[in-house]
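A quick write-up on the structure given underneath.
Nothing in this text is a laboratory measurement; each read-out follows from the coordinates by a stated rule. Please read these numbers as outputs of a predicted model, since none were measured by experiment. Note that each Cβ is placed from the backbone with ideal geometry, even for glycine, and that neighbours are counted across all protein chains shown.
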Ligand SMILES: NC(=O)c1ccc[n+]([C@@H]2O[C@H](COP(=O)([O-])OP(=O)(O)OC[C@H]3O[C@@H](n4cnc5c(N)ncnc54)[C@H](OP(=O)(O)O)[C@@H]3O)[C@@H](O)[C@H]2O)c1
């Protein structure tokens, strides 16, 4: 008999930027702001934080563990991830990595342990390793990330034979990246009862509406901003979002509309938060219930921003081929 699936809250927060220098320009001087953002999240009722051994690398897990201990926060779920690097080939590699994450987090059990991305080689050994982590009591539930439909079905079956349910697939999903709706990914997860954790629900900050030609983001996001700001359909999408925001009171922001949209689609958003202001803003999305007409208007405006609606246009493309859910074996 299969063990019960993990009950996940309908909203979480992502901790990629907590420690990541390369993409997010982290330095230790930011720790105070990040900590205050974490506290605001917990006070505001956030009960799920997502991290990974790859973030920092390791720093994000360490900070999250430290914040949890120091704050004494209760009933908070921690999701972290195994990095399926090409040089890892054995099921024991997953157990070893899991123990490393436990140590950095300073805990004896991880609530949700996910395979971060498909390996370019063999993936089945990692599924076995994930099952081992579950059976050894190191983790309470297991999931995947950046997996396509075929792979979700395959791992569900393999784990199911051991009585272990696949709880989640963490994928990029936002008003700017709706490929999971087109490639059957979302439908597969809905059919199997696998929860979707929507990563980059703000499209790395773009959907906050704060990027302008006068104040573009720095670093790797600059190219994405440049491309977007040249696209007239992008301003139409922002106008549609502003229109929806205005229907929900003066204080409603575009970030809240973007996050509420992912929730209305039945996914669990895990927006990144770097300070108190962002935490309070993003948490406000939970009170926003978008009407069918509003969803339709947002869908229609988003569908026109086509330059981003495909894996080869994903801002993550350059990071690694293996992050591309379009790989043959993992295609829906
Ligand atoms: N599984 C995977 O492969 C994968 C990949 C990516 C992300 N993720 C997960 O998903 C989480 C979230 O995704 P993400 O961090 O890539 O992108 P995101 O949530 O779309 O954007 C987060 C960034 O937007 C800015 N921001 C957030 N809230 C804001 C607000 N209210 N007002 C203004 N700016 C705001 C912040 O950056 P600035 O302040 O610098 O603008 C923040 O770091 C990650 O932390 C990680 O846990 C997973």
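Reported value for region 1-121: 129 Å³ per residue, from the convex hull of its C-alpha atoms.
Extent along the principal axes, Cα only, for region 86-242: 53, 35, 28 Å, with the longest axis given first. Here the calculated FRET efficiency for residue 210 and residue 121, from their Cβ-Cβ distance with R0 = 45 Å, stands at 0.65, rounded to the nearest 0.05.
Spacing of the modelled spin labels on residue 28 and residue 287, each 7 Å from Cα toward Cβ, amounts to 3.9 nm. Using R0 = 45 Å, the C-beta based FRET efficiency linking residue 5 and residue 242 works out to 0.75. Look at the alpha carbon pairs under 8 Å that are at least 6 residues apart: their mean separation over the length of the chain gives a relative contact order of 21 percent. Taking 0.36 nm per residue of sequence separation and removing the Cα-Cα distance, the residue 226/residue 136 pair yields an extension gain of 27.6 nm.
Computed from the Cβ-Cβ distance with R0 of 45 Å, the FRET efficiency linking residue 157 to residue 250 stands at 0.35.
Backbone N atoms of region 200-240 closer than 18 Å to the 7 Å Cα→Cβ label point of residue 306 belong to residues 227-237. Residue-normalised convex hull volume from the C-alpha trace of region 13-330: 125 Å³ per residue. The C-alpha atoms of the chain define a longest principal axis, and helix 232-246 lies at about 90 degrees to it. Helix 254-264 and the long axis of the chain differ in direction by around 50°, with both axes built from C-alpha atoms. From the alpha carbon centroid of region 264-302 to that of region 102-177 is 26 Å. Compared with the dominant Cα axis of the chain, that is its longest principal axis, helix 31-43 is turned about 90°. Could you please state, rounded to a whole Å, how far the C-alpha centre of region 12-61 is from the C-alpha centre of region 181-252? Centre-to-centre distance over Cα atoms comes out at 21 Å. Rounded to the nearest 500, the helix-only mean residue ellipticity at 222 nm of the chain stands at -12000 deg cm²/dmol, with each DSSP H run of n ≥ 4 adding -39,500 (n - 2.57). With each label modelled as a point 7 angstrom along the Cα→C-beta vector, the residue 69-residue 277 pair spans 3.2 nm.
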